[in-house]
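Take a look at the structure below.
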């Protein structure tokens, strides 16, 4: 890894601080845990430091999951105060999401970081297009078809969210709106799922990276403590602001904002995979 000159180091710090502010606000506004912003930003910053893309993506995902733990708790707390969290569903999904995380951690240990980038880009693009195209609030069915489907979805959300380094909102928000949840309640419930995914996911990425050479200084496994410290302040302060805004703007506008956000991120990540290093 290359040492950064003072100007480059200042740019690195500034970019992560800005990403933290946007991610913290988005965590409360969209229920996404902030990872969908911080992962691509950290990926670019780690490659800028001279890390190979594969290692950079592993570091970005691991650090993002660690950051989502406090951010998710703050966001869930804000939404819960407004009665927007379905705690019954969280209790049902929690064990299955946890199991999905464990499987994903094992998979992540044996795949190239570029695979994680591809998973991130493809799933984000599919979700964005789905939310753009579905009309009338996006409802497809009235509730989950049955308990088996509900549990499988919880497992799927936990696994793929871990591989993407996100808190689960990217997947659970459109799924919940499809089965009849109002967008605000979907966002609130998604925010409560974030820590359930992020805690075991972050621990797994710490363990997976302990014996890996070439990591940045002040890293524990695939979690970089400097990036975590830079991302944390705004991630703790701004989710409550985003949650307040989520309960003030029209639901259709919130849905389209979420979709546009995902689309831009997916295209940017996909472009990097095809035309990047």
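The values are calculated or read from the model by the stated rules, or taken from the named source; none is laboratory data. What you see is a predicted model; the values in this text were computed from it and never measured. Cβ sites come from the backbone with ideal geometry, for glycine too, and all protein chains shown count toward neighbours.
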- Top-ranked residue of segment 97-114 - restricted to ones that are in contact (Cβ under 8 Å) with a residue 40 or more places away in the chain and more than 19 Å from residue 196 (Cβ to Cβ), ranked as surrounded by the most Cβ atoms within 10 Å (Cβ to Cβ): 113
- Note on the structure: By residue number, the members of segment 78-96 that are surrounded by 16 or more Cβ atoms within 10 Å (Cβ to Cβ) and part of a helix (DSSP H, G or I) are 78, 79, 80, 89, 90, 92, 93, 94, 96
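Residue-by-condition table, conditions (1) at pLDDT 90 or above; (2) more than 28 Å from residue 86 (Cβ to Cβ):
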site	(1), (2)
158	yes, no
177	no, no
201	yes, no
205	yes, yes
209	yes, yes
240	no, no
- For residue 81, state whether it is in contact with a helix residue (DSSP H, G or I) (Cβ under 9 Å, 6 or more places away or on another chain), free of Cβ contacts under 8 Å to residues at least 24 places away in the same chain and within 30 Å of residue 244 (Cα to Cα). yes
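Listed here are the residues, each with its yes/no results for (1) at pLDDT 90 or above; (2) crowded, with 20+ Cβ neighbours inside 10 Å; (3) closer than 30 Å to residue 253 by Cβ; (4) in contact with a strand residue (DSSP E or B) (Cβ under 8 Å, 6 or more places away or on another chain).
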position	(1), (2), (3), (4)
190	no, yes, yes, no
193	yes, yes, yes, no
212	yes, no, no, no
221	yes, yes, no, no
234	no, yes, yes, no
- For segment 84-110, name all the residues that are within 16 Å of residue 207 (Cβ to Cβ), in contact with a helix residue (DSSP H, G or I) (Cβ under 9 Å, 6 or more places away or on another chain) and at pLDDT below 90. 108, 109
- Query: Among the candidates 227, 246, 260, which residue alone is under 30 Å from residue 129 (Cβ atoms) and either crowded, with 18+ Cβ neighbours inside 10 Å or in contact with a strand residue (DSSP E or B) (Cβ under 7 Å, 6 or more places away or on another chain) (or both)?
  - Reply: 246
- Before we move on, is residue 33 within 18 Å of the chain's Cα centre (by Cα), surrounded by 24 or more Cβ atoms within 10 Å (Cβ to Cβ), modelled with pLDDT under 80 and not in a loop (DSSP other than H, G, I, E, B)? no
- Any chance residue 273 is under 21 Å from residue 161 (Cβ atoms), part of a helix (DSSP H, G or I) and modelled with pLDDT under 85: yes
- Within segment 138-191, can you find the residues that are within 17 Å of residue 99 (Cα to Cα) and more than 18 Å from the chain's Cα centre (by Cα)? 147, 148, 149, 150, 151, 152
- Would a scan of segment 265-277 turn up a residue that is touching a residue at least 12 places away in the same chain (Cβ under 8 Å), over 20 Å from the mean Cα position of the chain (by Cα) and on the phi < 0 side of the Ramachandran plot? yes
- If you go through segment 136-189 one residue at a time, how many are assigned to a helix (DSSP H, G or I) and farther than 27 Å from residue 118 by Cβ? 10
- Query: Which condition does residue 3 not pass, out of (1) touching a helix residue (DSSP H, G or I) at 6+ places or on another chain (Cβ under 8 Å); (2) modelled with pLDDT under 85, if it passes all the others?
  - Reply: (1)
- Query: Here is a list of conditions, (1) buried (at least 24 other Cβ atoms within 10 Å of the Cβ); (2) more than 19 Å from residue 56 (Cβ to Cβ), and residue 205 meets all of them except one; can you say which number that is?
  - Reply: (2)
- Of the candidates 210, 230, the one satisfying the condition of being in contact (Cβ under 8 Å) with a residue 60 or more places away in the chain and either assigned to a loop (DSSP other than H, G, I, E, B) or over 20 Å from residue 101 (Cβ atoms) (or both) is 230
- Message: Looking at 177, 141, 162, 170 in this structure, which one is closer than 29 Å to residue 252 by Cα and loosely packed, with under 15 Cβ neighbours inside 10 Å?
- Response: 141
